[in-house]
Amino acid sequence: MSEDNNPREELYRRFRQSLSRPVSERYFDEDELVEIYDYAGDISDDYVQTECLFCGARLYPESQALSERRALLYLDTSIDDSDKPSPAAGAYLADNPDVFSPIFDIARLEINRPEDPEAALEFLLTQYDTFNDEEIIRFVDLAFDLDQYKWVVENLDRLRAKISFQPVLSYEVMQEADDMLDNELMAKLAEELIENEPFAPQYWISLFKAQARMGKDEDAKATFDSARALAADEPDSLMVLVDAAYNFAPYLYQESFEILEGLKTENPDEFMYTDCQCALLVRSGASDRAIRLLKKYLKEHPGNQKAMRQLLLCNTADARQYLNAFYDATDGKGFDDDIYAELVNTLSVNSSSQSLIALLRRNSIDNTTENSDICAWAEALFSIGKFSNVTALIDGYLLSEQGKELIDMTLKIPLKGTSLAFAYMVSLMKLGRGDAAETFWNGIRPFMEQLIEDAPMPIRMSVRCLFTLADKMRRHPADDTLYWENFDMLYYGKN
């Protein structure tokens, strides 16, 4: 149904417009406010939901339907990233102990989980003769929250007998069947929903997903085509379809790629479509083609942060030229601070040395170098055998008071400092600069001796590595080139 022909959408828009006018001009009856609240919930408009309840409290203070929705609003408001309701939900229920209805009873069980969930669900089911749409949704959600999926499936017919509009229940249970990988029930419920509403692409997508996971390839292909046709004008639905194919139907990668190509043609600036195409190519074993696609996008959109990040994760040899264009396009700002820090860490962990070195070099031109950057930079250069670059990097900082202070601070960072010292000392020895390595070690040794006495075990072990290295330096001077050419204490050469 189009927005113009949707009464709930029109009611919602009228209420939304009224919020910019005086409160006295808001005229909505109780049933309208309930519809507005429920519709705003469907489209995740917390603002309208809240304002709707404020309006209802003024106009209809004794309304039980609106009181129930206040309980639901508190129930759905979590205090952090967990699913636990805020204390306000418990407080609101405690302040209304004499109010009984399916919603209030369900909310109480969500707040105070019963010791015998099955008995609590049985009591609720027998307590009320009928449930409206919101009540049945909340009832099965409660059951799922109580880990009673099996009970819901076994009592599905009893639940159906309590409601007038069956698709609401079918949809909720189908969604949970998806999470539980109950593909047979998921397919059965999807078919029921399609029979009731044959032109809804989301039901066809669910059916396709279930069939693909069951290995019914031919059925899945036919369902995929139907879903694709019905969702032709719905980019979000097409993306859900492509995601399902990506995860469960590799035999449909080409068709999925074509869908993304069509979406990209309509919106060429949106990186998400190119990103998904690259994921399909990588999964298909065509990584080189994926990289070419990324580079093509970056040539047309050099300032796109997400695309640049993805290319760096590919660790390509020519990342530097794309980084230069990226920094130029962003006026030297580069990545956001959080993304930059996460990216440096990820590239370090994945040993993506080419990208890491290119990123750190380019970032240092326009931005202040951090301690963690120096460590990551030295480690990356060391890992690919660029010993002269390691020494040039550290020597460059040691030439100035400010740089020397930064190195001194870096050396005192647990684990990172010992890693930097190791890379620098070994690089000096491999380049025949034994005197410089010994001087550097003598300078940091007092601090390391103190650290090995006081620090936790992981740090003491890393410091012990430096003392072992110093012993190697004493027994194998820098002119023992044969030894130092093959020295590989961290087994980089064994990867």
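The values are calculated or read from the model by the stated rules, or taken from the named source; none is laboratory data. Keep in mind that what you see is a predicted model, and the values were worked out from it rather than measured. Because the Cβ atoms are built from the backbone with ideal geometry, glycine has one as well, and the counts that use them run over all protein chains shown. Remember, those area values only see protein heavy atoms, side chains included, never the ligands or the DNA or RNA. Shrake-Rupley method; radii C 1.70, N 1.55, O 1.52, S 1.80 Å.
To make sure I understand the rule: partners must be lysines, Cα under 18 Å from the Cα of Lys306, and not fewer than 8 residues away in the same chain. Which ones qualify? Correct list for Lys306: Lys264, Lys295, Lys296, Lys333.
Please give the residues of region 445-461, grouped as numeric ranges, whose backbone N is less than 17 Å from a label point set 7 Å along the Cα-to-Cβ vector of Lys412. In region 445-461, the label zone of Lys412 (backbone N under 17 Å from the point 7 Å along Cα→Cβ) covers 445-456.
Each helix, a run of at least 4 DSSP H residues, gives -39500 (n - 2.57); summed and divided by the residues of the chain, these come to -22500 deg cm²/dmol at 222 nm. In the chain, the longest principal axis of the Cα atoms and the axis of helix 30-42 are about 30 degrees apart.
Counting only Cβ charges, +1 for Lys and Arg and -1 for Asp and Glu, the dipole size of the chain around its Cα centre is about 3260 debye. Taking Cα centre as origin and charging only the Cβ of basic (Lys, Arg, +1) and acidic (Asp, Glu, -1) residues, the dipole magnitude of region 76-172 rounds to 240 debye. Counting Lys and Arg as +1 and Asp and Glu as -1 over every other residue whose Cβ lies under 14 Å from the Cβ of Tyr297, the net charge comes to +3. Straightening the chain between Asp76 and Val99 buys 6.4 nm, computed as 0.36 nm per residue apart minus the Cα-Cα spacing. Across the options Ser388, Ile413, Trp377, the greatest Cα extent toward the positive end of the charge dipole of region 367-413 (unit charges at beta carbon of Lys, Arg, Asp, Glu) belongs to Ser388. In straight-distance terms, cross-link reach from Lys416 covers every one of the aspartates and glutamates whose alpha-carbon lies under 15 Å from its own, apart from those fewer than eight places away in the same chain; here that gives Glu370, Asp373, Glu379, Asp408.
With a sphere of radius 14 Å drawn around the Cβ of Phe387, what net charge do the other residues whose Cβ falls strictly inside it have (Lys, Arg +1; Asp, Glu -1)? With Lys, Arg at +1 and Asp, Glu at -1, the net is -1. Using θ = phi - 60° in the Karplus curve 6.51 cos²θ - 1.76 cosθ + 1.60, the 3J(HN,Hα) couplings for region 180-186 round to 8, 6, 8, 5, 5, 5, 4 Hz; x is entered for Gly and Pro.
Farthest towards the positive end of the charge dipole of the chain, among the residues Ala341, Ser67, Ala229, is the Cα of Ala341, using unit charges on the Cβ of Lys, Arg, Asp and Glu. In the full protein context, the chain carries 53 Å² of accessible surface per residue, based on a 1.4 Å probe and ignoring ligands, DNA and RNA. Computed over protein heavy atoms with a 1.4 angstrom probe, the accessible surface ordering of Asp233, Asp480, largest first, is Asp233, Asp480.
Of interest is the spacing of the C-alpha centroids, which for region 435-461 and region 294-350 amounts to 36 Å. The distance from the alpha carbon centre of region 363-430 to that of region 102-160 is 61 Å, rounded to a whole number. Placing pseudo-labels 7 Å out from each Cα toward the beta carbon at Ile339 and Ala222 gives an inter-label distance of 4.5 nm. Suppose R0 equals 51 Å. What FRET efficiency, 1/(1 + (r/R0)^6) with r the Cβ-Cβ distance, do Gln402 and Val153 give to the nearest 0.05? Between Gln402 and Val153 the formula returns 0.15. Angle of helix 353-366 to the longest C-alpha principal axis of the chain, folded into 0 to 90 degrees and rounded to 10: 90°. In this rough spin-label picture, where each label sits 7 Å from Cα along the Cβ direction, the Arg21-Ser164 distance is 3.1 nm. Checking (i) 92, 53, 51; (ii) 77, 60, 39; (iii) 65, 54, 50 against the coordinates, the calculated Cα extents along the principal axes in Å falls under label (i).
With the gyration tensor restricted to C-alpha atoms of region 276-379, the semi-axes of the equivalent ellipsoid amount to 23, 16, 11 Å, longest first. Taking the chain as the reference, fit the longest principal axis to its C-alpha atoms, fit the long axis of helix 133-145 to the helix C-alpha atoms, and give the angle between the two in degrees, 0 to 90, nearest 10. Tilt relative to the chain: about 40 degrees.
In this label model, Arg113 and His476 are separated by 5.8 nm, measuring between points 7 Å along each Cα→Cβ vector.
Just the protein heavy atoms count here, and of the accessible area of the chain at 1.4 Å, carbon and sulfur take up 49 percent.
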